[in-house]
Amino acid sequence: MRQRDLIPFFAMTFLIAWGILALYMFASETMARLFGSLTGQHPLFYLAVYAPAIASLTLVFYRHGIDGSRRFLSRLLLWRLSIQWYIFMIVVVPLVFYVAALAKEGSYEPLFPFPSILTYLVALLLMAIKGPIEEIGWRGLALPLLQRRMTPIWAALVLGIIWALWHLPAFLLSGTPQSAWSLTPFFIGTVALSVIVTPLFNSSRGSILIPAFFHLQLINPLWPDAQPYDSWLFVVVAAVVAWLNRDAMFSLHGAVTDVLPK
């Protein structure tokens, strides 16, 4: 893969997602009549969310065929990571939401707000096949290519801004999860999350699975609603993570730049 492949990747990613959402914005009655009202569980919303994965898989297949696609997707099987990072994802990420929720409400909702374990598992599965799929594109293709010319901290900031901008139309449409959120904290928080996931990605030697699991933890339906306080708290966490990993974040040494494993 070449660094200039970022241009068609971003173009396709925005065209698919923004195109679908634009149709619902400017031809809402026609789209609702043909496909139904847009919600977070609508198949077209899933298609928009899958745009980064579709774009990356299309480019990899175009450049390298079946074998290249297989090698690319083999990064979904990379799971080796230091225990500290696993503790961070399993303990610290949920803690951010609970601390932020306490700051927001002054008290906690029930720790298990589901009528049964099965209900929760279904909700978790729906989340697992939505947002984490984005990582096939964002961290699977875009981040390694950006790190060929930028140190990880700059690659994280650039990709974080693009990642946040990509979500913008969802804030303008009722029925989407983002329509109930505040834009500015989400935008800044998304950039912060991009900073956090970058050293995690590089430490896993380019795993797509690990960023996908991190993404799932961010949208786990078990955590309390803490918007926008969670976004501001993740900014603090991002600053701490960047400082603790400063040698890796401000140097190209150790940055993963291969899209296809050798």
Checklist entry - Picking from VAL191, VAL197, which residue would you name as being hydrophobic (A, V, I, L, M, F, W, C), touching a Phe, Trp or Tyr at 6+ places or on another chain (Cβ under 9 Å) and closer than 18 Å to VAL92 by Cβ? => result VAL197
Next on the checklist: One residue is enough: does the stretch 193-203 have a residue meeting the conditions at pLDDT 95 or above, over 14 Å from the mean Cα position of the chain (by Cα) and open to solvent by 10 Å² or more (accessible area, probe 1.4 Å)?
Outcome noted: yes
Next on the checklist: Restricting to the stretch 62-84, name every residue that is without any contact (Cβ under 8 Å) to a residue 40 or more places away in the chain, open to solvent by 70 Å² or more (accessible area, probe 1.4 Å) and more than 25 Å from THR198 (Cα to Cα).
Outcome noted: TYR62, ILE66, ASP67
Checklist outcome for this item: When the stretch 34-90 is checked residue by residue, the ones that are among the β-branched types (Val, Ile, Thr) and either within 26 Å of LEU15 (Cα to Cα) or touching a Ser or Thr at 6+ places or on another chain (Cβ under 7 Å) (or both) are THR39, VAL49, ILE54, THR58, VAL60, ILE66
Checklist outcome for this item: When restricted to SER251, SER207, SER231, the only residue among the small types (Gly, Ala, Ser) and part of a helix (DSSP H, G or I) is SER231
Next on the checklist: Can you find, within the stretch 36-55, the residue that is modelled with the highest pLDDT among those that are over 14 Å from the mean Cα position of the chain (by Cα) and surrounded by 20 or more Cβ atoms within 10 Å (Cβ to Cβ)?
Outcome noted: ALA55
Checklist outcome for this item: Per the filter on the stretch 140-160, residues open to solvent by less than 30 Å² (accessible area, probe 1.4 Å), in a helix (DSSP H, G or I) and within 19 Å of HIS253 (Cβ to Cβ) are LEU143, PRO144, LEU145, LEU146, PRO152, ILE153, ALA155, ALA156
Checklist entry - Only one of ARG63, ARG75 is within 28 Å of LEU218 (Cα to Cα) and among the basic types (Lys, Arg); which? => result ARG75
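The values are calculated or read from the model by the stated rules, or taken from the named source; none is laboratory data. These numbers come from a predicted model, not from an experiment. Neighbour counts are summed over all protein chains in view; Cβ atoms, including those assigned to glycine, are modelled from backbone coordinates with ideal geometry. Calculation scope for accessible area: heavy atoms of the full protein, side chains included, ligands and nucleic acids excluded. Shrake-Rupley method; radii C 1.70, N 1.55, O 1.52, S 1.80 Å.
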